[in-house]
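Only one structure is covered here, and it is reproduced in the block below.
The values are calculated or read from the model by the stated rules, or taken from the named source; none is laboratory data. These figures come from a predicted structure and were not determined experimentally. Positions of Cβ are backbone-derived with ideal geometry, glycine not excepted, and every protein chain shown enters the neighbour counts.
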Amino acid sequence: MTIGVRAPLVLADAFGRVATDLRVSLTDRCNLRCTYCMPAEGLPWLPGDEVLTDAELGRLLTIAVESLGITKIRFTGGEPLLRRSLEHIVATAKALRTRAGTPPELSLTTNGIGLDKRVSALAAAGLDRVNVSLDSLDRVRYAALARRDRLDAVLSGLAAAEAAGLLPVKVNSVVMREVNEVDVVPLAQFCLERGYQLRFIEQMPLGPRHEWDRSQMVTQAEILARLRERFTLRPAAEPRGTAPAELWQVAPDASQPGGRIGVIPSVTAPFCGACDRTRITADGQLRTCLFSRTETDLRTPLRDGASDAELAAIWAGAQSRKAAAHGIGEPGFVPPARTMSAIGG
């Protein structure tokens, strides 16, 4: 061992997990009002001066990649396409270099509205892929869920992402009992036919206050049972690793070429033990878990003149205190005060 050489900082916690995947919320605003995410009237948005500027974001991204070992960055919202400078932010992140000397992998989680108009510029800036939310292919059900009739815009965004080469195109779908269970098979058929990678998601307690009922959640087992009524499934060969989704291989048949479908069982089979994520909200608060009830303020020290080393130390210290699990199944679980739209998916 070389005397006097300090080991590089990593975002490690007390349970042996190391965060290399950063989720960055660019805004808490959204142009949909999905029933599982926010009230029909929306939410009080963050004042503009509380949201991190492009320069502040760029500095934190640089610290994350160059000082703390982050290799993947996903931009979220709210709806990140509402950030006018999104292409500039993507280009800034792509210009960074990981400890391996490569650019970080960049992805975007979006509702797809307006994606068709910006996807070429985003791909040129360095975006690698997109996850598009789509909970129903039925226009009436989509409009009821999203409280906006924008299904055509989402489908146009998906097609544009594929045409721009942001592959694999991923589709996220939250399944709700007696709401869109009937869409499980049609969504799977739609995605398999087009080569999209579909991820069904168990509904999580991150929406309007007091509206989540575990007994009404559609579980991974129920989702798979519906899929097996139409498709032949077998577990994917490779282990789940740090990925949130458990994957199944779908056998080809006369109407679709086969492919993979995933389920993210955050409630019934959480991946907390292998979690490799850290999060920054649009107002510069560090969250070590989606369900954390505490945050660490990065914005205030950043604006008060803290050095990069000081900010990195604050970040690493907060990550070291990450809880073992989100605790949804534990007695007395209390969801975070912020909803999904304010945290970032």
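From the list Arg97, Arg84, Arg33, exactly one residue is in contact with a Lys or Arg (Cβ under 6 Å, 6 or more places away or on another chain), among the basic types (Lys, Arg) and farther than 22 Å from Ala274 by Cβ. Which is it?
Working: Arg97 fails: in contact with a Lys or Arg (Cβ under 6 Å, 6 or more places away or on another chain); Arg84 fails: in contact with a Lys or Arg (Cβ under 6 Å, 6 or more places away or on another chain).
Answer to the check: Arg33.
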**Request:** Kindly indicate the residue of region 143-165 that is touching a residue at least 12 places away in the same chain (Cβ under 8 Å) and of a type outside the set (A, V, I, L, M, F, W, C) and also nearest to Gly42 (Cα to Cα) among those meeting that condition.
**Result:** Arg147
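Being of a type in the set (A, V, I, L, M, F, W, C), in a loop (DSSP other than H, G, I, E, B), touching a helix residue (DSSP H, G or I) at 6+ places or on another chain (Cβ under 8 Å) and without any contact (Cβ under 8 Å) to a residue 40 or more places away in the chain is the filter here, so list the residues in region 67-112 that pass it.
Leu96
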**Enumeration of residues in region 141-160 that are over 19 Å from Gln189 (Cα atoms) and of a type outside the set (Asp, Glu)** = Ala143, Ala144, Leu145, Ala146, Arg147, Arg148, Arg150, Ala153, Ala160
**Residue that is touching a strand residue (DSSP E or B) at 6+ places or on another chain (Cβ under 8 Å), among the small types (Gly, Ala, Ser) and at pLDDT 95 or above, where the choices are Gly78, Gly58, Gly69** = Gly69
**Request:** Go through region 225-279 and count every residue that is touching a Phe, Trp or Tyr at 6+ places or on another chain (Cβ under 9 Å), in a strand (DSSP E or B) and aliphatic (A, V, I, L, M).
**Result:** 5
**Asked** Inside region 154-188, can you point out the residues that are out of contact with any strand residue (DSSP E or B) (no Cβ under 9 Å at 6 or more places or on another chain), aliphatic (A, V, I, L, M) and in a helix (DSSP H, G or I)?
**Response** Leu155, Ala159, Ala160, Ala163, Val182, Val185
**Prompt:** Taking region 37-52, which residues are surrounded by 15 or more Cβ atoms within 10 Å (Cβ to Cβ) and at pLDDT 85 or above?
**Reply:** Trp45, Leu46, Val51, Leu52
**Prompt:** When only residues in region 250-260 that are surrounded by fewer than 16 Cβ atoms within 10 Å (Cβ to Cβ) and either in contact with a Pro (Cβ under 9 Å, 6 or more places away or on another chain) or of a type outside the set (S, T, N, Q) (or both) count, which is farthest from Arg23 (Cα to Cα)?
**Reply:** Ala254
**Flag if Leu247 is among the aliphatic types (A, V, I, L, M), touching a Leu at 6+ places or on another chain (Cβ under 9 Å) and surrounded by fewer than 21 Cβ atoms within 10 Å (Cβ to Cβ)** = no
**Request:** Among the residues of region 265-285, count how many are surrounded by 22 or more Cβ atoms within 10 Å (Cβ to Cβ) and aliphatic (A, V, I, L, M).
**Result:** 2
**Request:** Confirm whether Val179 is touching a Lys or Arg at 6+ places or on another chain (Cβ under 8 Å) and at pLDDT below 95.
**Result:** yes
**Request:** Would you check which residues across region 54-109 are touching a Cys at 6+ places or on another chain (Cβ under 9 Å) and surrounded by fewer than 21 Cβ atoms within 10 Å (Cβ to Cβ) and list them?
**Result:** Leu82
**Residue under evaluation Pro8, criteria (1) in contact (Cβ under 8 Å) with a residue 60 or more places away in the chain; (2) outside any strand (DSSP E or B); (3) crowded, with 22+ Cβ neighbours inside 10 Å, criterion not met** = (3)
**Request:** Among the residues of region 48-66, write down those that are assigned to a loop (DSSP other than H, G, I, E, B) and either among the small types (Gly, Ala, Ser) or touching an Asp or Glu at 6+ places or on another chain (Cβ under 9 Å) (or both).
**Result:** Val51, Leu52
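From the list Ala161, Ala143, which one is surrounded by fewer than 20 Cβ atoms within 10 Å (Cβ to Cβ), at pLDDT 95 or above and not polar (S, T, N, Q)?
On inspection, the qualifying residue turns out to be Ala143.
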**Fill in**
Conditions (1) outside any loop (DSSP other than H, G, I, E, B); (2) farther than 25 Å from Ala254 by Cβ; (3) at pLDDT 95 or above; (4) not acidic (Asp, Glu) -> Ser215 fails only (3)
